[in-house]
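Here is the structure we will look at.
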C-alpha cells in the first residue's frame, strides 16, 4: 500500500523543486494537507500565473511579465551608457541594493561552462553583441561571480568588448568590509596586496 | 527594485513550504522559471487537486480522496479485530512495508503535546473511543513514536483501552537488526536486557 493517488501525485510533483527528495516531499505534502491548505492553494495559483506569464525581458533577459523589464523601460538607466553584466536575476537585486549603480543590466542566466555544454549562445552573448553594436555603451562592468566559470565568462566577454572598442571593468577584489585578515584566505589577501591603493 | 510582481508573488508563496525560507524560495522560483516550467505547472495542478479533494478517512483519519481509505474499505482488515495506532500517514506506510500486519489503523495525525495546546480531541481520541465501543476490537497495538510525547500518548490511550477492557500492546524495544552493541545507547541496551527473551 502506498498513499492515495492524489497524495502520491502531489509528493511526486513536489520533487521537481531543487533540493527536495522523496522524504522532504512527503513532509511538505503532509504539512500542507494538515496545516496549510490555504497557503498551498495560493502556491498553486502563484506557480500557474508565473509559469504562464513570466518571460525574459527582450533587452536584458531578466525575468519580467512585460516585454521590457522595469529597469530597461527607464530611459535614464538604459541611456546611461553603463551596462552591468551579471549571471542571475538575484545578482541584479544584489547590485541594486547597493544603490551605487544607476545603469542598466544584462543577465546571462548562467555562465559559460563547456563541460555542461553551456556555450556563448546559451547565455545570450549573441544578443549582448547586438546591444553593444546598436546602443551607445561607454563601459561594460563585469559582475559575474569570482568562480572559475564566472572568471572565464568575464574573460570571454572582455575579448568581445575589446574587439568592439568598448571599455570593460571588473568588480574589485579584496578583503571584505568587517573582514579579519587572519580569516581571509591567502589568494584573496594576495590579490588585496597586489591591488593596494594609496591613502 | 525587487523582482517583478508575479516573481515576487511566487517567491512569497513558496515560503509556505516547511523548511523553505526566502533564499531557498528564490532559488526554487528561478530554477522552475528557467529550467522546469512543465514540472512547475504539474506541481500547480497537483497542489490544487490534492487540496480540493483529499480529506480524512471517516474511520481511521488517514488522508484519502474517498469517504473511507483503501485499508478501511477492506472488510478482511477492518474486521480483523486488530487496530494499530500510529501518529502519521508515513507511519502507516512504514508498518505496511513490513508486510507483518494485516489489521486496520487509526492515524492520530499528531501526538498529545499539552505545551503546544494539542489535547486528546485534536488527535481524534473521541473518534477512537467511538471505534473501540462500536467495533469488535480484540487488541490495540500502540505504534506511536518512542519519543517523550509519543510515549505519553501511548500511555493515555492505554488507560482509555483499559477502562473499556481491551488488550493493548506496544512495539518491542531493543537493539536494531544489524546494530552493534558498542554503538547502541545505554537506555536502549538497558531496555533490551530487561526485555531479553529465552532462546
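The values are calculated or read from the model by the stated rules, or taken from the named source; none is laboratory data. Keep in mind the model is a prediction, meaning the values are calculated, not measured. Positions of Cβ are generated from backbone atoms using ideal geometry, with glycine treated the same way; all protein chains shown enter the neighbour counts.
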Practice item. Please enumerate the residues belonging to region A:90-108 that are surrounded by fewer than 19 Cβ atoms within 10 Å (Cβ to Cβ) and outside any helix (DSSP H, G or I). Key: A:99, A:100, A:101, A:102
Study note, to complete from the structure: Quick count over region B:74-89, residues being touching a strand residue (DSSP E or B) at 6+ places or on another chain (Cβ under 9 Å) and surrounded by fewer than 16 Cβ atoms within 10 Å (Cβ to Cβ), is 3
Point to revise | Subset of region B:28-38 (residues that are within 7 Å of another protein chain (Cβ to nearest Cβ) and surrounded by fewer than 18 Cβ atoms within 10 Å (Cβ to Cβ)) | key: B:31, B:34, B:36, B:37
Exercise for review: Would you tally the residues in region A:127-171 being farther than 12 Å from residue A:108 by Cβ and either assigned to a loop (DSSP other than H, G, I, E, B) or in contact with a helix residue (DSSP H, G or I) (Cβ under 7 Å, 6 or more places away or on another chain) (or both)?
Suggested key: 17
Practice item. Kindly provide the set of residues from region B:109-121 that are without any contact (Cβ under 8 Å) to a residue 24 or more places away in the chain and surrounded by 16 or more Cβ atoms within 10 Å (Cβ to Cβ), ordered by number. Key: B:110, B:118
Check your understanding: within 7 Å of chain A (Cβ to nearest Cβ), out of contact with any helix residue (DSSP H, G or I) (no Cβ under 7 Å at 6 or more places or on another chain), within 20 Å of residue B:110 (Cα to Cα) and without any contact (Cβ under 8 Å) to a residue 24 or more places away in the chain - does that describe any residue in region B:48-68?
Key -> yes
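Looking for whichever is away from chain B (no Cβ under 14 Å) and under 20 Å from residue A:61 (Cβ atoms) here; the options are A:122, A:126, A:116. Which one fits? Break it down into steps so the answer makes sense when it comes.
Details: A:122 fails: away from chain B (no Cβ under 14 Å); A:116 fails: away from chain B (no Cβ under 14 Å).
Going through A:122, A:126, A:116 in turn, the sole match is A:126.
Would you confirm, using the coordinates I've provided, whether residue B:2 is loosely packed, with under 15 Cβ neighbours inside 10 Å and either more than 7 Å from chain A (Cβ to nearest Cβ) or assigned to a helix (DSSP H, G or I) (or both)?
When the stated conditions are applied, residue B:2 does not pass them.
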Practice item. Tell me, please, whether a residue that is at positive phi and out of contact with any helix residue (DSSP H, G or I) (no Cβ under 8 Å at 6 or more places or on another chain) can be found in region A:182-190. Key: no
Review point. Which one is nearest to residue B:25 (Cα to Cα), of the residues in region A:73-92 that are touching a helix residue (DSSP H, G or I) at 6+ places or on another chain (Cβ under 9 Å) and more than 12 Å from chain B (Cβ to nearest Cβ)?
Key: A:86
Point to revise | Long-range neighbours under 8 Å by Cβ, at least six apart or interchain, first residue on the phi > 0 side of the Ramachandran plot within region A:72-95, second at pLDDT 90 or above and in a loop (DSSP other than H, G, I, E, B) | key: A:81/A:103; A:81/A:136; A:81/A:137; A:81/A:138
**Study point:** Matching residues, region B:14-27, being within 21 Å of residue A:69 (Cβ to Cβ), facing another protein chain (nearest Cβ under 7 Å) and surrounded by fewer than 20 Cβ atoms within 10 Å (Cβ to Cβ)
**Key:** B:27
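Let's see how each residue does on (1) part of a loop (DSSP other than H, G, I, E, B); (2) farther than 14 Å from residue A:54 by Cβ; (3) within 7 Å of chain A (Cβ to nearest Cβ):
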{"position": "B:7", "(1), (2), (3)": "no, no, yes"}
{"position": "B:12", "(1), (2), (3)": "no, yes, no"}
{"position": "B:43", "(1), (2), (3)": "no, yes, yes"}
{"position": "B:70", "(1), (2), (3)": "yes, yes, yes"}
